[in-house]
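This report refers to the structure that appears directly beneath it.
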Amino acid sequence: DCFYAGTIPVYWGAPDIERWIPPECYVDMRRFESYDDLRDFLHSRTPEQLEAYRLAARDFLRSERFRLFSKQTFAELIGRIVEEDTGVSL
């Protein structure tokens, strides 16, 4: 949702996030010792640096790597589960 909205997420979650999402799309909170360090980093970004995050996120949304997170992939997964559970081909 952040990528679609054009905001830059500050991520603090799964340690393998880079496996799924390119690191140039978000700010990784784990890189900072404190909230003060994070704030200083965020305030020091130039408009061009901020736009680079947004462009990377847009590129990711258009990439094949994003397909895993798409509505289409979700619908296909649910369809396969229904077919397996019911024996009915959709």
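The values are calculated or read from the model by the stated rules, or taken from the named source; none is laboratory data. Predicted model, so just to flag it, every value in this text is computed and none were measured. Positions of Cβ are generated from backbone atoms using ideal geometry, with glycine treated the same way; all protein chains shown enter the neighbour counts. Areas reflect the complete protein model, heavy atoms only, side chains present, ligands, DNA and RNA absent. Shrake-Rupley method; radii C 1.70, N 1.55, O 1.52, S 1.80 Å.
Looking at Phe66, Phe60, Phe74, which one is open to solvent by 80 Å² or more (accessible area, probe 1.4 Å), in a helix (DSSP H, G or I) and among the aromatic types (Phe, Trp, Tyr)? Steps first, answer last, please.
Working: Phe66 fails: open to solvent by 80 Å² or more (accessible area, probe 1.4 Å); Phe60 fails: open to solvent by 80 Å² or more (accessible area, probe 1.4 Å).
One residue alone meets the criteria, Phe74.
Take the residues in the range 27-47 that are in a helix (DSSP H, G or I) and of a type in the set (Phe, Trp, Tyr); name whichever of them is most open to solvent (accessible area, probe 1.4 Å). Give the steps one after another, and end with the answer.
First, the residues of the range 27-47 that are in a helix (DSSP H, G or I): 29-31, 35-44, 47.
Filter once more, so that each one left must be of a type in the set (Phe, Trp, Tyr): 35, 41.
Numbers: Tyr35: 148, Phe41: 31 Å².
Ranking the qualifying residues of the range 27-47, first place goes to Tyr35.
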- Task: Would you mention how many residues in the range 1-26 are open to solvent by less than 80 Å² (accessible area, probe 1.4 Å) and of a type in the set (Asp, Glu)?
- Result: 1
- Only listed residue being out of contact with any Gly (no Cβ under 8 Å at 6 or more places or on another chain), in contact (Cβ under 8 Å) with a residue 40 or more places away in the chain and not aromatic (Phe, Trp, Tyr), chosen from Leu38, Leu42, Leu55, Leu68: Leu68
- Task: Confirm whether Arg54 is assigned to a helix (DSSP H, G or I), surrounded by 10 or more Cβ atoms within 10 Å (Cβ to Cβ), modelled with pLDDT of 95 or more and not small (Gly, Ala, Ser).
- Result: yes
